[in-house]
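For reference, the structure is listed below as structure tokens.
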Amino acid sequence: MLIRRAPDLASSEITPESSYLNRRSFMAAASFAALDLAWPAARRRARAPGDGDKPNSYEDITHYNNYYEFGTGKEDPAEYAGQLHTTPWKVQVAGEVAKPGNYDLDDLLHGQTIEERVYRHRCVEAWSMVIPWNGFPLRNLINRFQPSSRAKFVEFTTLLRPSEMPGQRSDVLPWPYVEGLRMDEAMHPLTLVVTGLYGRALPNQNGAPLRIHVPWKYGFKSAKGLVRIRFTETQPSNTWNVAAPNEYGFYANVNPDVDHPRWSQARERRIGEFFRRPTLMFNGYGDQVASLYGGMDLRRFF
Amino acid sequence: MPAIGARAWRRTARALLFLACLAPLGVLLADGLGGRLGADPIRATELRTGIWGLTILVVTLAITPLRRLTGWNVLGGYRRMLGLFAFAYITLHFLTWFGVDQFFAIRYIGKDIVKRPYITVGFASFLLMIPLAFTSSAAMVRRLGKRWAPLHSLVYLAALGGIVHFVWEVKADLSEPTRYALVLVGLLLLRFVPRRLVRPRAARPVAAAVLPPSVEPTRAA
């Protein structure tokens with residue numbers, strides 16, 4: 001029952017590099033001119049949900065993101081991630097599985113069919129991007145380890161290496177970064193192990209060599225630079241929830257009706273666009289994932 | 001002649017300070033038109049105008065303590081310009097949020113001002129600065145007389161509000177707003193040091209009403 005097609009977005013929609021470069025300089029000029037010109041037109045222009053999901057440029061995706069291991073600024077990851085050595089890379093598989101162990105990256109990727117998935121990415125800070133990832137469903141990996149019936153959750157741990165990750169030298173977050181998913185979320189065909197971007201190797205600043213992306217959840221759920229995957233019976237803790245429990249939950253499903261205590265989640269700025277657009281329930285993936293949360297109070301389990 | 005020389009020097013210094021205050025705006029415009037504001041130019045504009053507004057505001061507040069410590073009364077003549085530049089950057093900050101980021105979406109803006117404490121505080125501090133900017137002219141200083149100084153001590157409240165706005169906005173990294181807060185607290189404490197301890201030899205300042213426009217009363221905040 002694998003959903004092979006990446007929902008909503010075909011790879012044919014990927015913007016050629018020349019167009020996004022043009023669009024970028026146009027945007028820059030337009031943002032100053034638009035104030036005068038666009039005001040009456042803007043009110044009339046309503047956006048259909050999911051409309052116009054064009055992938056963001058490689059430049060924007062690789063130079064504007066959060067990866068606090070390299071600093072809290074949006075451009076810090078691009079600036080500092082170059083010093084990270086990603087070879088050799090091992091991932092420890094632990095917990096409630098039949099086949100725990102320290103796996104070489106090559107071993108983990110062996111036999112996996114890398115596909116392209118164009119996913120919407122919604123940051124908890126109310127900005128979003130459309131990203132053409134390369135990767136494969138996490139469940140294809142999980143199945144190899146043969147989790148036991150006691151495995152109810154999966155915990156992901158990011159590399160801890162302050163010598164190459166300058167952000168880890170400050171205690172802005174408790175390190176290492178950990179995240180978690182419920183087993184059914186991890187096994188959902190949309191949940192992706194990411195190994196590449198725009199058909200190229202995944203850049204360090206985007207979580208190389210191995211990260212996940214869970215497109216219906218806020219970006220912080222999608223852990224990067226994975227060094228450990230642990231299967232647990234109880235709900236693992238996740239870093240942002242530990243840092244600010246009233247602001248970031250375990251589930252962190254994109255939900256326009258449940259605001260962050262300090263800001264609204266009803267709308268978002270798609271990077272590269274002038275006007276905010278409405279945020280979609282489950283980031284527009286409700287058809288595929290809403291059933292995971294039947295009967296759950298999403299206000300309580302935010 | 002030394003008197004004219006001093007005046008010319010002062011005029012040059014004023015012009016240089018004016019240009020220095022305009023520089024962040026010039027850099028912002030150049031970066032904006034050159035596509036150097038990153039992937040989210042609107043957010044970058046909000047951040048820069050906010051940071052510069054707060055920075056210039058704190059520098060403005062440093063003028064009087066600095067003048068007392070050094071005895072360089074000439075510094076007082078630059079305070080109003082700095083204060084008005086702070087107000088100008090904060091106004092740009094507000095307008096970028098109101099007119100560009102939110103694009104006049106009153107429905108969301110009103111809700112945000114009421115519901116989001118960091119926006120409530122930021123907006124209130126901006127509103128607070130409006131009467132201060134309005135009453136900053138020499139004529140208003142004269143007209144308000146003794147009431148001018150207490151009114152303008154509200155600028156500390158506006159700066160405090162700006163820093164609280166900053167603290168409540170950031171996600172986890174409090175280092176930058178903390179630096180502003182420490183400087184503000186330091187400046188505020190300096191205002192409570194008895195003047196005689198700070199500047200034992202200085203003559204008492206003249207009353208505000210008889211001062212030329214470029215010199216402002218020592219007590220004023």
Just the residues that are surrounded by fewer than 19 Cβ atoms within 10 Å (Cβ to Cβ) and on the phi > 0 side of the Ramachandran plot, please, taken from the range A:54-110. A:Gly101
Please go through the range B:159-179 and pick out each residue that is within 23 Å of B:Arg79 (Cβ to Cβ) and surrounded by fewer than 20 Cβ atoms within 10 Å (Cβ to Cβ). B:Leu160, B:Arg179
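Hey, does the range B:55-76 have a residue that's assigned to a loop (DSSP other than H, G, I, E, B) and either touching a Lys or Arg at 6+ places or on another chain (Cβ under 8 Å) or touching a residue at least 12 places away in the same chain (Cβ under 8 Å) (or both)?
yes
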Selection from the range B:138-158 of residues that are loosely packed, with under 13 Cβ neighbours inside 10 Å and either within 26 Å of B:Pro177 (Cα to Cα) or of a type outside the set (A, V, I, L, M, F, W, C) (or both): B:Arg143, B:Gly145, B:Lys146, B:Arg147, B:Pro150
Hey, could you check the range A:166-181 for residues that are out of contact with any Leu (no Cβ under 9 Å at 6 or more places or on another chain) and in a helix (DSSP H, G or I) and say which is surrounded by the fewest Cβ atoms within 10 Å (Cβ to Cβ)? A:Arg169
When the residues of the range A:129-153 are narrowed to those that are assigned to a strand (DSSP E or B) and over 13 Å from A:Ser222 (Cβ atoms), which ends up farthest from the chain's Cα centre (by Cα)? A:Pro147
The condition of being closer than 19 Å to A:Glu116 by Cβ, over 14 Å from the mean Cα position of the chain (by Cα) and hydroxyl-bearing (Ser, Thr, Tyr) holds, among A:Tyr198, A:Tyr248, only for A:Tyr198
Hits in the range A:262-302 (condition: within 14 Å of another protein chain (Cβ to nearest Cβ), not small (Gly, Ala, Ser) and not in a strand (DSSP E or B)): A:Arg262, A:Trp263, A:Gln265, A:Ile271, A:Glu273, A:Phe274, A:Phe275, A:Arg276, A:Thr279
Taking the range A:206-233, which residues are assigned to a helix (DSSP H, G or I) and under 8 Å from the mean Cα position of the chain (by Cα)? A:Gly219, A:Phe220, A:Lys221
Right, A:Thr72: in a loop (DSSP other than H, G, I, E, B) and modelled with pLDDT of 95 or more or not? no
For the range B:25-53, how many residues are hydrophobic (A, V, I, L, M, F, W, C) and touching a Phe, Trp or Tyr at 6+ places or on another chain (Cβ under 6 Å)? 2
Between A:Val194, A:Val214, A:Val154, which is under 12 Å from A:Asn134 (Cα atoms) and either in contact with a strand residue (DSSP E or B) (Cβ under 9 Å, 6 or more places away or on another chain) or modelled with pLDDT of 95 or more (or both)? A:Val194
Checking the structure you have, find out if any residue of the range A:224-232 is buried (at least 21 other Cβ atoms within 10 Å of the Cβ) and among the small types (Gly, Ala, Ser). yes
Taking the criterion of being hydrophobic (A, V, I, L, M, F, W, C), part of a helix (DSSP H, G or I) and more than 27 Å from A:Cys123 (Cβ to Cβ), would at least one residue in the range B:30-48 satisfy it? yes
If the Cβ limit is 7 Å and pairs must be 6+ apart or interchain, which residue in the range B:163-190 that is at pLDDT 90 or above pairs with which residue that is polar (S, T, N, Q)? B:His165/B:Ser125
Which condition number in (1) within 23 Å of A:Gly272 (Cβ to Cβ); (2) part of a helix (DSSP H, G or I); (3) not β-branched (Val, Ile, Thr) is the one that A:Glu185 fails? (1)
Tell me, yes or no, whether the range A:130-150 has at least one residue that is touching a helix residue (DSSP H, G or I) at 6+ places or on another chain (Cβ under 9 Å) and among the hydroxyl-bearing types (Ser, Thr, Tyr). no
If you scan the range A:112-128, which residues turn out to be closer than 17 Å to A:Arg200 by Cβ and either in contact with a His (Cβ under 9 Å, 6 or more places away or on another chain) or part of a helix (DSSP H, G or I) (or both)? A:Arg117, A:Tyr119
Kindly list the number of the only condition in (1) touching a Ser or Thr at 6+ places or on another chain (Cβ under 8 Å); (2) in a helix (DSSP H, G or I) that fails for B:Gly145. (1)
Across the range B:79-119, what is the number of residues that are part of a helix (DSSP H, G or I), within 14 Å of chain A (Cβ to nearest Cβ) and among the small types (Gly, Ala, Ser)? 2
Within the range B:47-78, take every residue that is surrounded by fewer than 20 Cβ atoms within 10 Å (Cβ to Cβ) and within 14 Å of chain A (Cβ to nearest Cβ) and give me the one that is farthest from A:Glu59 (Cα to Cα). B:Ile51
In the range A:233-248, what residues are in contact with a Lys or Arg (Cβ under 9 Å, 6 or more places away or on another chain) and not hydrophobic (A, V, I, L, M, F, W, C)? A:Glu233, A:Thr234, A:Gln235, A:Pro236, A:Asn238, A:Glu247
Considering the range A:234-253 alone, what residues qualify as being part of a loop (DSSP other than H, G, I, E, B), surrounded by 19 or more Cβ atoms within 10 Å (Cβ to Cβ) and of a type in the set (S, T, N, Q)? A:Asn238
Hits in the range A:68-88 (condition: more than 13 Å from chain B (Cβ to nearest Cβ) and of a type outside the set (S, T, N, Q)): A:Tyr80, A:Ala81, A:Gly82, A:Leu84, A:His85, A:Pro88
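The values are calculated or read from the model by the stated rules, or taken from the named source; none is laboratory data. What you see is a predicted model, and the numbers here were worked out from it, not measured in a lab. Using ideal geometry, Cβ is built from the backbone for each residue, glycine included, and neighbour counts are taken over all protein chains shown.
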